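Asks: Mind having a look at this structure? Questions to follow.
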Protein chains: 2
Amino acid sequence: MQEILGSLSPGQYGLVYNSFSFGVATFAAATIFFWLGRGQVAREYKTALTITGLVTFIAFYHYLRIFQSFDAAVMLEGGVVEATGKEFNRAYRYVDWLLTVPLLLIELILVMRLSRSETVSKSVSLGGAAALMIALGYPGEVADGINNTRLIWGVLSMIPFLYIVYTLYAGLGEAIKRQPDDVKGLVSLARNVTVVAWFFYPVVYFAPFVINLEGSASFAVIEVGYTVADIVAKAAFGVLIYTIAVRKSESENQSGPAMQPAE
Amino acid sequence: MQEILGSLSPGQYGLVYNSFSFGVATFAAATIFFWLGRGQVAREYKTALTITGLVTFIAFYHYLRIFQSFDAAVMLEGGVVEATGKEFNRAYRYVDWLLTVPLLLIELILVMRLSRSETVSKSVSLGGAAALMIALGYPGEVADGINNTRLIWGVLSMIPFLYIVYTLYAGLGEAIKRQPDDVKGLVSLARNVTVVAWFFYPVVYFAPFVINLEGSASFAVIEVGYTVADIVAKAAFGVLIYTIAVRKSESENQSGPAMQPAE
C-alpha cells in the first residue's frame with residue numbers, strides 16, 4: 001500500500017484528496033437537509049427522514065476520518081507526492097457500511113408505510129442480511145492481496161447480497177404496487193437506484209481477480225468510484241426518500257386523514 | 001505556483017489572507033440567517049431557504065479549507081513572505097462549485113413556486129447543466145498554465161454555461177412574468193445577479209490567454225475577485241431569495257389560501 005500511495009501522480013493525488021473533501025461537504029449538507037426536512041412531512045414519515053439523515057451523518061463522520069487518514073498517509077510538497085509511512089485506513093469504509101447499509105434498507109421500508117408487522121419483519125430480514133453481507137466481506141478485504149481468503153469471504157458475502165436483491169424485487173414488488181399512484185414510480189426508482197449503486201461494490205471487490213488493480217491509477221479509480229457510489233446510494237437515494245415522504249404527506253393530508261401540525 | 005506564492009508582497013499576502021477569512025465569516029453568518037429565517041416564511045418556501053442556507057454552509061466549509069490551505073502554504077514571518085513548499089489547493093473552489101452552483105439554480109426555481117412537474121424538469125435540466133459546466137472546467141484548471149488543455153475544456157464548459165443563461169431568460173422569462181407584482185422585480189433581479197456574478201468566473205478562466213496573469217499581483221486579484229463573486233452569487237443572492245420568500249408568504253397569507261403554521 002505504501003508503494004502505491006507514493007507512486008500517485010500529483011493529479012491522481014488531487015483527485016482522490018478532493019473527492020474525499022467533496023464527500024465530507026456533501027454528506028454534511030445532506031444531513032442538514034434531511035433533518036430540516038422533517039418539519040415538512042407528516043408525523044408518519046418523520047422517522048424515515050431521521051434515519052435518512054443518520055445515514056448521511058454517519059457517512060460524514062467516516063469521510064472526515066478517511067480524509068484525515070489520507071492526509072496523514074500521503075503528502076504533496078514542492079509538486080512531489082510522498083508516502084509518509086503512516087497507514088491509510090481503508091477499513092473505515094466497512095465500519096461505515098456496517099452501520100449505514102442496514103439503515104438504508106430500513107429507510108426504504110419506512111417510507112413505504114407498510115403494516116406494522118410487515119415493517120418489523122422486513123426491517124429485521126433485510127437489515128440483518130445487509131449487516132451480514134458487510135461483516136462477511138471484511139475478512140476478505142483486510143487479507144491484503146489476491147488470494148483464496150478474499151475469494152471465499154467474497155463469495156459468502158454475495159449470498160446475503162443476492163437475497164437482498166431478490167427480496168427488493170420479489171418481496172417488496174407487491175408492496176410497491178400498492179403505493180399511491182403519484183409516488184409509485186419514485187419508490188420503484190429508489191429501489192432500482194439501491195440495486196444499481198450497490199452493484200459497484202462487489203464489482204470493485206472481485207475486480208482484482210480479473211484485471212490487475214495494483215497500480216496508483218486503479219487506487220484513484222477505486223477511491224473516487226466508492227465516493228461516487230456512496231453519494232448516489234446515500235445522498236441521492238435520500239433525496240428520493242425525502243421527495244416520496246413529502247408527496248405522500250401532501251396527498252394524505254388532502255384526501256382525509258388529518259396531517260399532524262408541522263414541528 | 002510555489003514561485004508565485006513566495007513572491008507575494010506582505011500587502012498582497014494580507015489582502016488574500018483577510019479576504020479568505022472574510023469569506024469564512026460571511027458564509028457562516030449568512031447560513032445562520034437563512035436557516036433562522038425559515039421560521040418566518042410559509043411552508044411552501046421553507047425548502048428554498050433550507051437550500052439557500054446549504055449553499056452558504058457548503059461555501060463556509062470550503063472557505064475554511066481554502067484559508068487553512070493558504071495558511072499552510074505561505075507564511076509571513078519577520079515581514080518576509082515565504083512559500084513553505086506545501087501545496088495551495090485551488091481545486092477546493094471547483095469542489096465547492098460542483099455542489100453549490102446547481103443548488104443556486106434550484107433555489108431560484110423553488111422560490112418561484114412553479115408547478116410540480118416544471119419544478120422537477122427545470123431543476124434537473126438547469127442543475128445538471130451547472131454540474132456539467134463545473135466538471136468540464138476542472139481538467140482545464142488543474143492543467144496548470146496557459147495551454148490547449150485549458151482552452152479546450154474551457155470552451156466545452158461554456159456550452160452548458162450559455163445554455164443556462166439562455167434558459168434563465170427564454171425558459172424562465174415566461175414564468176417570471178407570472179410572478180405576483182410585488183416580487184416580479186426581485187425575481188428578475190435575482191436572475192440578473194446570477195448571470196452577472198457568474199460571468200466573472202469565465203472571465204478569470206480565460207484571462208491568461210489575453211493578458212499575463214502569472215505574477216503575484218494577478219494571483220491576489222483572482223483570489224480576492226473569486227471571493228467577492230462568491231459572496232455576491234451566494235450570500236447577496238440568498239438575501240434576495242429570502243426577501244422574495246417573505247413577501248410571497250405575506251401576500252399569499254392575506255389573499256386567501258391559509259398559511260401553514262410557522263415552525
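Asks: Is there a simple number for the mean count of other chain Cβ atoms within 10 Å of the Cβ of residues in B:131-143, and what is it?
Replies: Working: counts 0, 0, 0, 0, 0, 0, 0, 3, 1, 0, 0, 5, 1.
Per-residue shielding by partner chains comes out at 1.
Asks: May I ask you to order B:156-162, B:231-237 by the average number of other C-beta atoms within 10 Å around their residues, highest value first?
Replies: Details: B:156-162: 17.1, B:231-237: 20.9.
The packing order, highest mean first, is B:231-237, B:156-162.
Asks: Next up: For the stretch A:2-254, what does the relative contact order come out to in percent, with C-alpha contacts under 8 Å and a separation of six or more? Numbers along the way, then the final one.
Replies: Numbers: 307 pairs, mean separation 65.7, N = 253.
Over the stretch A:2-254, the number comes to 26 percent.
Asks: Additional query: Please report the Cα spread of the protein assembly as shown along all three principal axes, rounded to whole Å, starting with the longest.
Replies: Computed over the protein assembly as shown, the largest-to-smallest principal extents equal 71, 71, 39 Å.
Asks: From the label point of A:ALA135, set 7 Å along Cα to the beta carbon, how far off in nm is each other copy's matching point, shortest first?
Replies: Copy-to-copy label distances at A:ALA135, shortest first: 3.8 nm.
Asks: Please compute P(r) over all alpha-carbon pairs of the stretch A:85-221, binned at 10 Å starting from zero, and give each bin as a whole-number percent.
Replies: 11, 38, 29, 16, 6, 0
Asks: Under a 10 Å cutoff between Cα atoms, tell me which one of A:GLY23, A:GLY225, A:GLY145 has the largest fluctuation in the Gaussian network model of chain A.
Replies: Greatest mean-square fluctuation among the candidates belongs to A:GLY145.
Asks: For the protein assembly as shown, what is the mean residue ellipticity at 222 nm derived from helices alone (per DSSP H run of n ≥ 4: -39500 (n - 2.57); sum divided by total residues; nearest 500 deg cm²/dmol)? Walk me through the intermediate numbers first.
Replies: Numbers: 20 runs with 400 residues, N = 526.
Here the helix-only value at 222 nm equals -26000 deg cm²/dmol.
Asks: Which whole number gives the average count of other chain Cβ atoms within 10 Å of the Cβ atoms across peptide B:41-54? Write out the running numbers ahead of the final one.
Replies: Working: counts 0, 0, 3, 1, 0, 5, 6, 0, 1, 8, 3, 0, 4, 6.
Counting other chains' Cβ atoms within 10 Å and averaging over B:41-54 gives 3.
Asks: For a 22 Å ceiling on Cα separation, which of these pairs sit above it: A:LYS46/B:LYS248; A:LYS46/A:LYS184; B:LYS46/B:LYS234?
Replies: Working: A:LYS46/B:LYS248 27 Å; A:LYS46/A:LYS184 19 Å; B:LYS46/B:LYS234 17 Å.
In this structure, A:LYS46/B:LYS248 lie more than 22 Å apart at Cα.
Asks: Another one. Give me the angle, in degrees from 0 to 90, between the Cα long axis of helix B:237-254 and the longest principal axis of the Cα atoms of chain B, rounded to the nearest 10.
Replies: 10 degrees
Asks: Percent of alpha carbon pairs in chain B separated by more than 33 Å?
Replies: Details: 8896 of 34453 pairs.
Percent of Cα pairs beyond 33 Å in chain B: 26.
Asks: Compute the angle between helix A:216-230 and the longest alpha-carbon principal axis of chain A, please, reported from 0 to 90 degrees and rounded to the nearest 10.
Replies: Roughly 10 degrees between the two axes.
Asks: Mind listing the label-point distances from A:GLY225 to the same position on all other copies, shortest first, one decimal in nm, points 7 Å along Cα→Cβ?
Replies: Output for A:GLY225: 4.0 nm, nearest copy listed first.
Asks: Pick from B:GLY14, B:GLY79, B:GLY137 the residue whose mean-square fluctuation is largest in a GNM of chain B, springs joining Cα atoms under 10 Å.
Replies: So, out of B:GLY14, B:GLY79, B:GLY137, the one fluctuating most is B:GLY79.
Asks: Would you list the P(r) distribution for the stretch B:127-207, with all Cα-Cα distances sorted into 10 Å bins from 0 and each bin expressed as a whole %?
Replies: Percent of Cα pairs in each bin: 17, 42, 25, 13, 4.
Asks: Counting other C-beta atoms within 10 Å, which of A:MET133, B:MET75 has the fewest, and how do the rest follow?
Replies: Numbers: A:MET133 25, B:MET75 14.
If I rank by nearby Cβ atoms, fewest first, I get B:MET75, A:MET133.
Asks: In addition: Debye sum, Cα scatterers, the stretch B:179-238, no solvent: what log₁₀ I/I(0) at q = 0.19, 0.21, 0.25 1/Å?
Replies: -0.73, -0.82, -0.99
Asks: Shifting gears a bit: If we sort B:122-132, A:82-92 on the protection proxy, mean other Cβ atoms within 10 Å, highest first, what's the order? The partial results should precede the final answer.
Replies: On the way: B:122-132: 18.2, A:82-92: 15.1.
For the peptides B:122-132, A:82-92, the packing ranking is B:122-132, A:82-92.
Asks: Can you list, shortest first and in nm, the gaps between the label point of B:SER21 and those of its counterparts in the other copies, using a point 7 Å from Cα in the C-beta direction?
Replies: The answer, with the shortest distance listed first, is 2.0 nm.
Asks: If you project the alpha carbons of the stretch B:1-142 onto the principal axes, what extent comes out on each, in Å, largest first?
Replies: For the stretch B:1-142, the Cα spread along each principal axis is 60, 35, 18 Å.
Asks: Further question: Angle, helix B:148-166 long axis vs. longest principal axis of chain B, Cα atoms, 0 to 90°, nearest 10?
Replies: 20 degrees
Asks: A further question follows. About the Cα centre of chain B, how large is the charge dipole given +1 on each Lys and Arg Cβ and -1 on each Asp and Glu Cβ? Please answer in debye to the nearest 20. Intermediate results must be reported in sequence, preceding the final value.
Replies: Details: 18 positive and 20 negative charges, 186 e Å.
With Lys and Arg at +1 and Asp and Glu at -1, about 900 debye.
All of the numbers you see were taken from the coordinates with simple rules; none came from a lab. Remember, predicted model here, so these are calculated numbers, not experimental data. Glycine gets a Cβ as well: all are built from the backbone with ideal geometry, and neighbour counts include every protein chain shown.
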